[in-house]
Amino acid sequence: MPSVAVVAVLFVYPLLHFFRFSFDTLHEGRLIRGFSLDAYRAFAGDAYYWLNVWTTLKLAAVVTLVCMVVGYPLAYAIWSVRSPRARRWVSLAVMSPLVVSVVVRAYGWIVLLGRQGAVNYALQHAGLTHGPLPLINNFTGVAIATVHVLLPFMVFPLLGALDRVDPALKEAAADLGAPRWRIFQTVTWPLTAHGLAAGAQLVFPLALSAYVTPQLLGGGRVLVLSTLIYQTTIDVNWPIATVASIALLMLTTGAILILLQITRRSGRARGLQVQ
């Protein structure tokens, strides 16, 4: 009961009080208290707000997909390191983005991805491009920087899943003449897929709510819900800001529920594989 009371006072009541703003109206710069659905109708009927929703979902999906594609081989490479000391150093390198301020990290990517930055210089010096590529103030730069910070949230659940794979299963498959790719396909992958789902369960909601990276590297051109909420709050348009926050909360909650269901199914499949 004390825990329920703390959650009710510190979370449920403020959230309900916050939702109350969505029923107010803004008239000539003044907030009028009442019960109106004008903010909901304005949000649902404006293509600009739907563009923010679409860009938010697209950014989260792209970041999650890239983290999965990059994170699994990286986690497998770290897991394959036999020296505990070397493995700690590699794990620390992967975790390093989390110990740097998000603002400092964003400005670092602006320097690296700029027209005169190290990335464009390397691409041109290698003859891969004839001129600098536009890598900032667009969706590409935001996605790259967001993947950088969220990659550890994909790698470490995968490392945990790889550590729980029984080596005897791989040894048995090798004794039966299975090549390495077959061992990975029939043993390692089925027993670690739940780690991939667990990583996606962390990365996708975090990418949905990213604010600093889209704000700094997007240059005002990458329209996501987090920046929309901030801007409408600055404009004292609390009803629209609240509706946008509710939309973001619903997207995040829905994503978590779907990914949680996938994780549970993967866990049950893993249990069947072990049996």
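What follows is calculated from the coordinates using simple rules that are stated; it is not laboratory data. Predicted model only: the values in this text are computed from it and were never measured. Here the Cβ positions follow ideal geometry from the backbone for every residue, glycine too, while neighbour counts run over all protein chains shown.
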Of the residues Ala197, Ala210, Ala44, which exhibits the maximal mean-square fluctuation in a Gaussian network model of the chain defined by a 10 Å Cα contact cut-off?
-> Ala44
Using helices alone, what [θ] at 222 nm do you get for the chain, with -39,500 (n - 2.57) per DSSP H run of 4 or more residues, divided over all residues and rounded to the nearest 500?
-> -23000 deg cm²/dmol
Of 126-138, 104-116, ordering from highest average Cβ density within 10 Å down gives 104-116, 126-138
Once both labels are modelled 7 Å past Cα along the beta-carbon direction, what's the Ala86-Val7 spacing in nm?
-> 4.6 nm
Result row for the chain, helices from DSSP H with C-alpha axial extent 24 Å or more and mean Kyte hydropathy at least 1.0, is 47-80, 139-163, 189-208
What number, in percent, do you get for the relative contact order of segment 47-274 if the mean sequence gap of Cα pairs under 8 Å and at least 6 apart is divided by its residue count?
-> 28 percent
Positive-end residue of Phe35, Gln215, Tyr121, charge dipole of the chain with Cβ unit charges | Tyr121
Between Ser96 and Leu176, what FRET efficiency comes out of the Förster formula 1/(1 + (r/R0)^6) with R0 = 35 Å and r the beta carbon distance, rounded to 0.05?
-> 0.30
Euclidean distance between Cα centres, segment 135-154 to segment 182-224, Å | 11 Å
What is the Å³ per residue value for the convex hull set by the Cα atoms of the chain?
-> 200 Å³
Given the peptides 117-123, 79-85, arrange them by the average over their residues of other C-beta atoms within 10 Å, most packed first.
-> 117-123, 79-85
Could you size up the charge dipole of segment 47-274 around its Cα centre, putting +1 on the beta carbon of Lys and Arg and -1 on that of Asp and Glu, and report it in debye to the nearest 20?
-> 420 debye
